[in-house]
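Right, one structure below, let's go through it.
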Amino acid sequence: MRTGDSLSLVAQRLGISARKLAKWNGLKPPYVIYADTLLRAAPPDPASPRRIAGAAVAPEKKSDAAVRPSRGHVQTPRVSASKKSRELKDKNKPGSQRESSEIAWAWPLSGPLIQGFHAGDRTRQGIRIGGRAGEAVRASADGLVVYSGGGLKAYGNLIIIKHNDNYLSAYGFNRSLFVKEGDRVTGGQAVAEVGQGAEGTHLLHFEVRRHGTAVDPIAYLPARN
């Protein structure tokens, strides 16, 4: 968003109705929005009951398999802390979510990872990759540029690319921008030049958002040697 944008202008730019955009972001009249806030550009995960043959059916809940002994008591197998830790590590390992996103993700910059993702910290909703001044920042996958500008101060010169109805990627702290809103880009295409972060370090701030919510980019990007 740019300073002064209204909800209807943002909705028009994204190609959706203002009513849907307000609903997906929980906005109420008079629909006040701020330039430093990223809006959800797709519906949230469905949480309402499913209807089958006219009857309301709650979504199925996954649980550990139950073991029923001869006395009729139900016992749930215990999962060790080490196993849970391994499962969490596997879920967030490089490239673990690539297939589920149906997107062939690639690294937007070849430099070292200098800051990781932290879901509970608003200042770490993405990763930061070191680079050289003026080095090319490349689109992580095919998509449509839905934002290109410097209206979000926390991100510097920012580009946002919509890849499908579920996923966006964002590229912040660029020195210069090569693409504008409405441009179609292909994965690997140069879209900007590396700029400086708030501390003066040359870097790229990179985010992946699913249904408007920041997720760990490492789980989508391929492993690097």
Checklist entry - Using modelled amide H (1.01 Å from N, peptide plane; none on Pro or chain starts), what sits under 5 Å from the amide H of Leu221, excluding residues fewer than 5 places away? => result Gly95
Checklist entry - Accessible area, 1.4 Å probe, largest first: how do Tyr31, Tyr171 sort? => result Tyr31, Tyr171
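How much length, in nm to one decimal, is gained on full extension between Leu9 and Thr186, taken as 0.36 nm per residue of separation minus their Cα-Cα distance?
61.1 nm
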Next on the checklist: Can you work out the Karplus-derived ³J(HN,Hα) for every residue in segment 211-225? Use 6.51 cos²θ - 1.76 cosθ + 1.60 with θ = phi - 60°, whole Hz, and x for glycine or proline.
Outcome noted: 6, x, 9, 5, 10, 5, x, 4, 5, 10, 7, x, 5, 10, 6
Next on the checklist: As an exercise, identify the trypsin sites (Lys or Arg not before Pro) in segment 151-225 lying in DSSP coil whose Cβ has no more than 13 other Cβ atoms within 10 Å.
Outcome noted: Lys180, Arg224
Checklist entry - From the phi of every residue in segment 197-206, what ³J(HN,Hα) in whole Hz does the Karplus formula 6.51 cos²θ - 1.76 cosθ + 1.60 yield, where θ is phi - 60° and glycine or proline is x? => result x, 4, 8, x, 7, 6, 7, 10, 8, 10
Checklist entry - Distance in nm between label sites at Gln115 and Ala223, each 7 Å beyond Cα in the beta-carbon direction? => result 2.7 nm
Checklist entry - So for segment 157-218, taking the charge dipole from beta-carbon charges (+1 Lys/Arg, -1 Asp/Glu), which of His202, Gly187, Ala170 sits furthest toward the positive end? => result Gly187
Checklist entry - Whose amide H sits under 5 Å from the amide H of Val137, counting only residues 5 or more places off or on another chain, with H placed in the peptide plane? => result Val191, Ala192, Glu193, Val194
Checklist outcome for this item: Taking alpha-carbon centroids only, segment 126-175 lies from segment 188-214 a number of Å equal to 5 Å
Checklist entry - Which shape class, rounded, prolate or oblate, goes with segment 88-200 when its Cα gyration tensor gives a ≥ b ≥ c as root eigenvalues, a/c under 1.5 marks rounded, and past that a/b bigger than b/c marks prolate? => result oblate
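With a cut-off of at most 16 other beta carbons within 10 Å, and DSSP calling the residue loop, which trypsin sites (Lys or Arg not before Pro) in segment 108-151 qualify? Please list them.
Of the trypsin sites (Lys or Arg not before Pro), the ones in loops of segment 108-151 whose Cβ has at most 16 other Cβ atoms within 10 Å are Arg132.
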Checklist entry - For segment 158-169, what does the Karplus curve 6.51 cos²θ - 1.76 cosθ + 1.60, with θ = phi - 60°, yield as ³J(HN,Hα) per residue in whole Hz, taken in order and with x for Gly and Pro? => result 10, 10, 10, 10, 8, 9, 7, 5, 10, 10, 10, 10
Item to check | Residue pairs, from the table Lys28/Lys93; Lys28/Lys153; Lys20/Lys153; Lys20/Lys93, whose Cα atoms sit over 28 Å apart | outcome: Lys28/Lys93; Lys20/Lys93
Checklist outcome for this item: So for segment 164-225, using the alpha carbon gyration tensor with a ≥ b ≥ c as root eigenvalues (a/c under 1.5 gives rounded; past that, a/b versus b/c decides prolate or oblate), I'd call it oblate
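The values are calculated or read from the model by the stated rules, or taken from the named source; none is laboratory data. Since this is a predicted model, take the numbers as computed values, not measurements. Cβ atoms come from the backbone with ideal geometry, glycine included; neighbour counts cover every protein chain shown. Just so you know, the surface numbers come from the protein's heavy atoms only, side chains and all, with ligands and any DNA or RNA stripped out. Shrake-Rupley method; radii C 1.70, N 1.55, O 1.52, S 1.80 Å.
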